[in-house]
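The values are calculated or read from the model by the stated rules, or taken from the named source; none is laboratory data. Only a predicted model underlies this, so the values are computations on that prediction, with no experimental measurement involved. Positions of Cβ are generated from backbone atoms using ideal geometry, with glycine treated the same way; all protein chains shown enter the neighbour counts. To get the accessible areas, we keep the full protein, side chains included, count just its heavy atoms, and leave off ligands, DNA and RNA. Shrake-Rupley method; radii C 1.70, N 1.55, O 1.52, S 1.80 Å.
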Amino acid sequence: MRKKITLLLLLLVGFCVNAQTINVKGVVKDAKTGDPLPGVSIVIKGTTVGAETDFDGLYSLSKVEKGATLVFNYLGYAQKEVMVNQQTINVSLEESAESLDEIIVVGYGKQKRKDVTGSVSIVGEETLEVLKPIDATTALQGTTSGVAVNLSSGAPGAKVNILIRGVSSNTNNQPLTIVDGYEGDLNSINPNDIESITVLKDAQAAIYGIKGANGVVLVTTKIGKKNKAATVKYDTYAAFQQTTKKLDYLNATEYALVLNEAYAASGQTLPFNNIASLGKGTNWQDQLFNDALLMNHNISLSGGGENFRYFVSASRTEQDGIIAKEKSNFIRNNIKLNLGVDISEKLNFSLIANYFTSASQGFDGSLLFNGLNYAPTFGLDENDTTNFLGIEVVNPLSLLKNTFGENNGNGIEGNFKLEYKPIEGLNIVSRLGYKIYNAKQRSFTPIQDYGSSKVYNKTQSSVYQFKTTSTRVLWESFATYNKTFAEDHNTSLTLGTSVQNDLFDGIYATGFDVPNNSYEFADISLTNSQSEQRNFNTGNGDIRLTSFFGRIQYDYKGKYLFSGLVRRDGASVFAKDKRVDNFWSVTSGWKISDEDFLKDNETISFLKLRASYGTLGNLVGDNLYRSLLSGEGTYVLNGSLVDGTAQGGLPNPQATWETAEKLDIG
């Protein structure tokens, strides 16, 4: 079946390879006032390629296919889609009151979008459906201002890095990700299960204390609606991915002419005597790059009754690599359950669980390096046995044949939550979040000979394997009380506590002399047990965090907004007198457009001035205050040199987490 689908898609691609691309530019304005709109997100529908308008509302996109659709998004305005049929596309956006009244998650609570005093960006379900990302993280690219998204490598399933407002640490710069109240990762979630993504970018992230310095990404997943019949939804899509550009290299004849000229200029014997027989030779980029098939299947069941609601889904994603797809691919499977039950009018129970598996194959960057540096005068199976190209360049196809490796992982994550409303205005939440993840890897290096003294030569086969298990348990309880005094004074008070325990253990092993020099027999148990090179290592970790936090929010007539929060954190990874610290922030806002002098203004429909300042932490070190036997040492025992362990890094009893100060005015 897959072969038939692949053939059909290849035929379709064959008709589309000559699709015309153009450079698109334009200006985005307010439909009512005609003023330019800065910071508007523009994305090519069905991709993660996009841009933002500048201060004058101008934007530009290069190499856009004619007939593609541009999606325009801006806070407070209705989304607009425009088909590309010319180079200049000017767009006017209509205001949307519904967008400003939208309820968004802001960390241990919710607020109307127009009442938020901090800097936030939101990616909704509609945007996710347009982009269809493999990893939900890439949905932030081009859709959220101040957020930079980049892949750690071009391999399928590669980790995606997020930077919120630039580099904020000398070590870890990844933001904290909270999924339905538990700490998770965007790459383990099926993007089709996500309802919204909210990014906290300034001091309001201080509610997360020592984990909020790099910003916070809050994810809300889908759940069914009460009193709605069961709805089954199935969707699938397939696509091809390919490199956007290949380097313009010399062919074999051109390469030989250039080298002959260089050798002649230096008085050396010419390397090529029969140039006419060379022809175009081998294009190594064409040999390595290929069209990669991407397929995705999603099925879900949702609905609810008078006292319950549910959402169940399953998905599978398959992605081949654009380089050597036979040894570069990624598969992810997800099963999601989201269940909410009203035990009584005041008590609600919810259960969230996400089970996922992943499998991938890949290779390091040396394959592409050799593909770009191997001479076009060599044949497909011809090795540089004379070191004509030096000792560091080998036939990339030969190297590919000797590349073996696989990564597998599986995990389950989610939480259990009880929500109790004893009196009007008071909401008490207690939830237990969890994540268990198991990973294993196997890589095999066979005996290899590419020519005399080549750096890639291997005289002994080896296999490296590891298995790790990480477990996280997070218990949080907090209460929120909302009260309005004298009609105009609206207040909200939140108090809570949090306890977290992260456990890790792993085993790592390297064995030599794999039977038959074959990947089929590449297992530690089958290697030479008498080899002195054979080694085993283990690793473990136990990190514990305890926190107390509080927040007060106040507004007068919905126009003058204020929020103050404080969090006290303790971490087990520092010395006893350095384990506890306090983090705080204050935010304020003024909805100028609600004032009498602007209420009936036809030019300005919504205008808010906001500011925030606070301190946030970054838990960057583990056991920095004490020295561990993590180093390597060589000792003399009975007249012989023996490898052993030694003291690692020097202890720093003053070590503690990083603290960042953030000021934001907008």
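Dividing the convex hull volume of the alpha carbon atoms of the range 194-262 by its residue count gives 220 Å³ per residue. Using a 7 Å offset from the Cα along the Cα-to-Cβ direction at both Tyr560 and Asp381, what is the distance between the two label points in nm, to one decimal? Modelled inter-label distance: 8.4 nm. Among the GluC sites (Glu not before Pro) within the range 242-334, those in coil by DSSP and having at most 11 neighbouring Cβ atoms inside 10 Å are Glu306. Run through the range 106-206 and list the trypsin sites (Lys or Arg not before Pro) located in a DSSP loop whose Cβ has at most 15 other Cβ atoms within 10 Å. Hits after loop and neighbour filter: Lys159. The HN-Hα couplings worked out from phi for the range 604-609 by the Karplus form 6.51 cos²θ - 1.76 cosθ + 1.60 (θ = phi - 60°) are 10, 9, 8, 9, 9, 9 Hz, whole numbers, x standing for Gly and Pro.
Other residues with beta-carbon under 11 Å from the beta-carbon of Asn90 carry, at +1 per Lys or Arg and -1 per Asp or Glu, a net charge of +2.
Computed from label points 7 Å out along Cα-Cβ, the spacing between Asn251 and Thr491 is 8.2 nm. Note on the range 531-666: percent of Cα-Cα distances in each 5 Å bin, starting at 0 and stopping at the bin with the largest distance, equals 2, 8, 11, 11, 10, 9, 8, 7, 7, 6, 5, 4, 3, 3, 2, 1, 1, 0, 0.
By accessible area, using a 1.4 Å probe on protein heavy atoms only, the chain has 53% of its surface on carbon and sulfur. The length gained by stretching the chain between Glu406 and Asn170 to full extension, at 0.36 nm per residue less their Cα-Cα distance, is 81.8 nm.
What are the equivalent ellipsoid semi-axes of the range 263-348, built from the alpha-carbon gyration tensor (square roots of five times its eigenvalues), in whole angstrom, biggest first? The equivalent ellipsoid of the range 263-348 has semi-axes of 65, 13, 7 Å. The calculated FRET efficiency for the pair Ile436 and Ile343, based on their C-beta separation and a Förster distance of 30 Å, comes to about 0.65.
Think of the chain as a dipole: +1 on every Lys or Arg Cβ, -1 on every Asp or Glu Cβ, centred on the Cα centre; then among Thr615, Gln647, Val566, Val566 lies furthest on the positive end. Stokes-Einstein diffusion of the range 296-450 at 25 °C, 0.890 mPa s viscosity, Kirkwood radius from Cα pairs, rounded to a whole number: 121 µm²/s. Per residue, the convex hull spanned by the alpha carbons of the range 222-285 comes to 138 Å³.
Roughly how far apart, in whole Å, are the Cα centres of the range 584-600 and the range 449-501? After rounding, the separation between the Cα centres reads 36 Å. The slack in the chain from Tyr464 to Ala230, taken as 0.36 nm per residue of separation less the alpha-carbon distance, amounts to 79.4 nm. Across the range 171-181, computed HN-Hα scalar couplings (Karplus, 6.51 cos²θ - 1.76 cosθ + 1.60, θ = phi - 60°) run 10, 7, 10, 7, x, 6, 10, 10, 10, 6, x Hz from first to last residue, x flagging Gly and Pro. The mean of 1/r over all distinct Cα pairs in the range 126-192, once inverted, gives the Kirkwood hydrodynamic radius of 12.9 Å. Here each label is just a point 7 Å from Cα along the line to Cβ, and for Phe512 and Ala265 those points are 4.7 nm apart.
Note that the range 468-475 has calculated 3J(HN,Hα) couplings of 9, 9, 10, 10, 10, 10, 10, 10 Hz, one per residue in order, obtained from phi through the Karplus relation 6.51 cos²θ - 1.76 cosθ + 1.60 (θ = phi - 60°); glycine and proline are x.
Less than 10 Å Cβ to Cβ from Val147, Lys/Arg counted +1 and Asp/Glu -1: what total charge do the surrounding residues give?
+2
On a per residue basis, the chain carries 52 Å² of accessible surface, using protein heavy atoms and a 1.4 Å probe.
Note on Asn535/Val499: beta-carbon distance plugged into 1/(1 + (r/R0)^6) with R0 of 35 Å gives a FRET efficiency of 0.40. Among the chymotrypsin sites (Phe, Trp or Tyr not before Pro) found in the range 45-140, those both in a DSSP coil and sparsely packed, with 15 or fewer other Cβ atoms within 10 Å of their Cβ, are Phe55.
Rounded to two decimals, what is Rg over Rh for the range 502-605 when you use alpha-carbon atoms and the Kirkwood radius?
Result: Rg/Rh = 1.47.
The alpha carbon convex hull volume per residue for the range 204-347 rounds to 231 Å³. Let a ≥ b ≥ c be the square roots of the eigenvalues of the Cα gyration tensor of the range 57-158; is it rounded (a/c under 1.5), or, if not, prolate (a/b larger than b/c) or oblate? Since a/c reaches 1.5 but b/c is at least a/b, the shape of the range 57-158 is classed as oblate.
Across all C-alpha atoms in the range 371-484, the radius of gyration and Dmax reach 28.3, 85 Å.
Pair-distance distribution P(r) for the chain, from all Cα-Cα distances in 20 Å bins starting at 0: 14, 42, 33, 10, 1 percent. Trp475 label point, 7 Å along Cα→Cβ, cut-off 19 Å on backbone N: hits in the range 426-455? Answer for this model: 428-436.
Mean separation of Cα pairs under 8 Å and 6 or more residues apart, divided by the residue count, gives the chain a relative contact order of 10 percent.
Express in whole angstrom the spacing between the alpha-carbon centres of the range 237-311 and the range 58-95. Using only Cα atoms to place each centre, the spacing works out to 31 Å.
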